[in-house]
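Asker: Sharing a structure below in structure tokens format, with a few things to ask.
The values are calculated or read from the model by the stated rules, or taken from the named source; none is laboratory data. Only a predicted model underlies this, so the values are computations on that prediction, with no experimental measurement involved. Note: ideal-geometry Cβ built from the backbone for every residue, glycine included; neighbour counts use all protein chains shown. With ligands, DNA and RNA removed, areas are computed over all heavy atoms of the protein, side chains included. Shrake-Rupley method; radii C 1.70, N 1.55, O 1.52, S 1.80 Å.
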Amino acid sequence: MYGLVNKALQELVEAQHDQETWTRIRERAGVEDLFFLWDKSYDDAVTYRLVEATSAELGRPAHEVLEDFGVYWVLHTAQKSYGPLMKAAGRSLPEFLRYLPRFHDRIVLLFPDLKMPEFEILEEGEDWIALEYRSVREGLQPFVLGLIKGLGRMFETPVEVSLRAGRHSGLDHDEFLVRWPART
Ligand code: HEM
């Protein structure tokens, strides 16, 4: 994945812990890079090793690390560095989610080697959406959960999100159910 992703994980750890913690994680993961170039594509294995090492170093399950990372990605990385792109994608949580299938089409202009996730709206109601997620990568479902929770916080909208079906149950993709309070 692009260095931007690894760099964001480093920032998260340094913000919530300290630089020494990151150094221990980096060494545990066997990663020699002292910093990541945001626009260089790194092997996915680097990211997975860093997530595993973060989990071991902080004594927290990897799915929690990935979920926190998703929240951080939206609230810090995306908003800080790509504010206008995020703003253009919607003025409310439902608007943003409906735009999500086309979102990375714009990101790929900035990151030409992007192996992008694919999103589709499967079904929707006034206060819910069933979202399909496809990726060539394994195990990033908790990251998606965190991203959606981050979007809820960005729009100050309480959001409930769950994995209603997925690769764990034999599908070739994952399906998330996202709910928010109905307008009264
Ligand atoms: C401006 C904000 C964003 C930027 C710049 C961005 C960019 C990226 C980049 C560079 C990657 C690494 C993929 C690769 O290197 O091949 C990535 C992965 C990913 N992004 Fe985004 N993204 C943004 C927002 C979002 C949002 C809002 C969502 C969903 C709610 C999302 C979902 C994902 C997922 C799930 C992955 C993991 C890759 C996979 O599933 O295969 N991203 N993104």
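Asker: Within segment 124-133, is even one residue surrounded by 12 or more Cβ atoms within 10 Å (Cβ to Cβ), in contact (Cβ under 8 Å) with a residue 40 or more places away in the chain and within 10 Å of the ligand (Cβ to nearest atom)? Quick ask: steps written out before the conclusion?
Answerer: Going through segment 124-133, the residues surrounded by 12 or more Cβ atoms within 10 Å (Cβ to Cβ) turn out to be 124, 127-133.
With the extra rule that they be in contact (Cβ under 8 Å) with a residue 40 or more places away in the chain, the set shrinks to 127-133.
This time we only want the ones that are within 10 Å of the ligand (Cβ to nearest atom), so: 131, 133.
Yes, segment 124-133 has at least one match.
Asker: Moving on. Quick check on segment 73-84: of everything there that is open to solvent by less than 50 Å² (accessible area, probe 1.4 Å) and over 22 Å from Arg137 (Cβ atoms), which residue is farthest from the ligand (Cβ to nearest atom)?
Answerer: Leu75
Asker: Next question. Tell me which residues, restricted to segment 22-60, are over 23 Å from Ser81 (Cβ atoms) and among the β-branched types (Val, Ile, Thr).
Answerer: Once the filter is applied, which keeps residues that are over 23 Å from Ser81 (Cβ atoms) and among the β-branched types (Val, Ile, Thr), segment 22-60 yields only Thr23.
Asker: Right, next: What are the residues in segment 37-72 that are near the ligand (Cβ under 9 Å from one of its atoms) and open to solvent by less than 50 Å² (accessible area, probe 1.4 Å), if any?
Answerer: Tyr42, Asp44, Thr47, Gly70
Asker: Between residues in segment 10-27 that are over 15 Å from Glu52 (Cβ atoms) and charged (D, E, K, R) and residues that are open to solvent by less than 70 Å² (accessible area, probe 1.4 Å) and modelled with pLDDT of 95 or more, which pairs lie under 7 Å by C-beta distance while being six or more apart or on different chains?
Answerer: These pairs meet every condition: Glu14/Trp22.
Asker: So, one more: Among the numbered conditions (1) within 8 Å of the ligand (Cβ to nearest atom); (2) at pLDDT 95 or above; (3) under 29 Å from Ala45 (Cα atoms); (4) assigned to a helix (DSSP H, G or I), tell me where Gly146 comes up short.
Answerer: (1)
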